[in-house]
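Visitor: Supplied in structure tokens, the structure appears directly below.
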Amino acid sequence: MKKCVFFDRDGIINEKPVLARYIRCWEEFKLMPEFIESLRIVKQKGYVAVIVTNQKGIWHGVMSQESVDEIHNNMRACLRNEHELELLDVFVCPHGDDQCDCRKPLPGMIVRAAGQHDIDLSASWMIGDSHRDIDAGNRAGCRTILVDDSDGGGETEPLHQVARISELPSLLEKVL
Ligand SMILES: [Mg+2]
């Protein structure tokens, strides 16, 4: 079985949208160098990497499923061509609240990824900047890392916490 690091997207992989609530197109998507560094460590340590992202803006009609798919295709091509890094898969929840089993803090996307890709969840990690990510990861039976110093209010606690994304690579070197 594979071991996997699941990444939340906005705030972990790319800069959080500043003015708008959602990233609507590739031009608004800013990959963070700290994520690339983190992904490289994840690979070196023998893990695959999967993105699990809530994108309620699709449900709101702010952006289309096609534009979100295009962002992810471009992101994967950029990682592959410029950094020689691969993502195993990307899971998107396009739903509003209370409509599905996949919107984090529910663990549906992680559980589905595990079934499709033969992933051992007890040997895997979830990294996010919201307590929704931490609750989803814990509910799926993963170890969890919260990248934030302010967000409160989750039902479960992260195993590790760093204040900012710049501290993530050195933590991963230590704990993976
Ligand atoms: Mg986030």
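Visitor: With the requirement that a residue be free of Cβ contacts under 8 Å to residues at least 40 places away in the same chain and surrounded by 16 or more Cβ atoms within 10 Å (Cβ to Cβ), what does segment 60-86 give you?
Guide: Within segment 60-86, 68, 72, 76 qualify.
Visitor: Separate question: Across segment 1-20, which residue is farthest from the ligand (Cβ to nearest atom) among those that are assigned to a loop (DSSP other than H, G, I, E, B) and of a type in the set (Lys, Arg)?
Guide: Ranking the candidates gives 3 first.
Visitor: Could I ask something else about it? From the list 36, 23, 41, 58, which one is among the hydrophobic types (A, V, I, L, M, F, W, C) and within 14 Å of the ligand (Cβ to nearest atom)?
Guide: None of the others qualify; the one that does is 23.
Visitor: May I pose another question? Taking segment 127-167, which residues are in contact with an Asp or Glu (Cβ under 6 Å, 6 or more places away or on another chain), among the hydrophobic types (A, V, I, L, M, F, W, C) and crowded, with 22+ Cβ neighbours inside 10 Å?
Guide: The one that is in contact with an Asp or Glu (Cβ under 6 Å, 6 or more places away or on another chain), among the hydrophobic types (A, V, I, L, M, F, W, C) and crowded, with 22+ Cβ neighbours inside 10 Å: 147.
Visitor: Give the residues of segment 128-147 that are in contact (Cβ under 8 Å) with a residue 40 or more places away in the chain and either assigned to a strand (DSSP E or B) or of a type outside the set (A, V, I, L, M) (or both), sorted by residue number.
Guide: 128, 129, 130, 132, 133, 137, 142, 147 - these are the residues of segment 128-147 that are in contact (Cβ under 8 Å) with a residue 40 or more places away in the chain and either assigned to a strand (DSSP E or B) or of a type outside the set (A, V, I, L, M) (or both).
Visitor: Now, a different point. Residue by residue through segment 112-135, note down the ones that are more than 21 Å from residue 168 (Cα to Cα) and either among the basic types (Lys, Arg) or modelled with pLDDT under 95 (or both).
Guide: Result: 112, single match.
Visitor: Now for a separate question. Of the residues 109, 75, 63, which is modelled with pLDDT under 95 and among the aliphatic types (A, V, I, L, M)?
Guide: 63
Visitor: Which residue pairs have Cβ atoms closer than 8 Å, lie 6 or more positions apart in sequence or on different chains, and pair a first residue in segment 42-59 that is more than 19 Å from residue 72 (Cα to Cα) with a second residue that is away from the ligand (no atom under 16 Å from the Cβ) and among the polar types (S, T, N, Q)?
Guide: That search, which allows pairs on different chains as well, returns 47/124.
Visitor: Please count how many residues of segment 148-176 are within 23 Å of residue 106 (Cα to Cα) and either touching a Gly at 6+ places or on another chain (Cβ under 7 Å) or outside any strand (DSSP E or B) (or both).
Guide: Here the count works out to 12.
The values are calculated or read from the model by the stated rules, or taken from the named source; none is laboratory data. It should be emphasised that the depicted structure is a prediction, and the values quoted were computed from it without experimental measurement. Backbone-built Cβ (ideal geometry, glycine too); neighbour counts: all protein chains shown.
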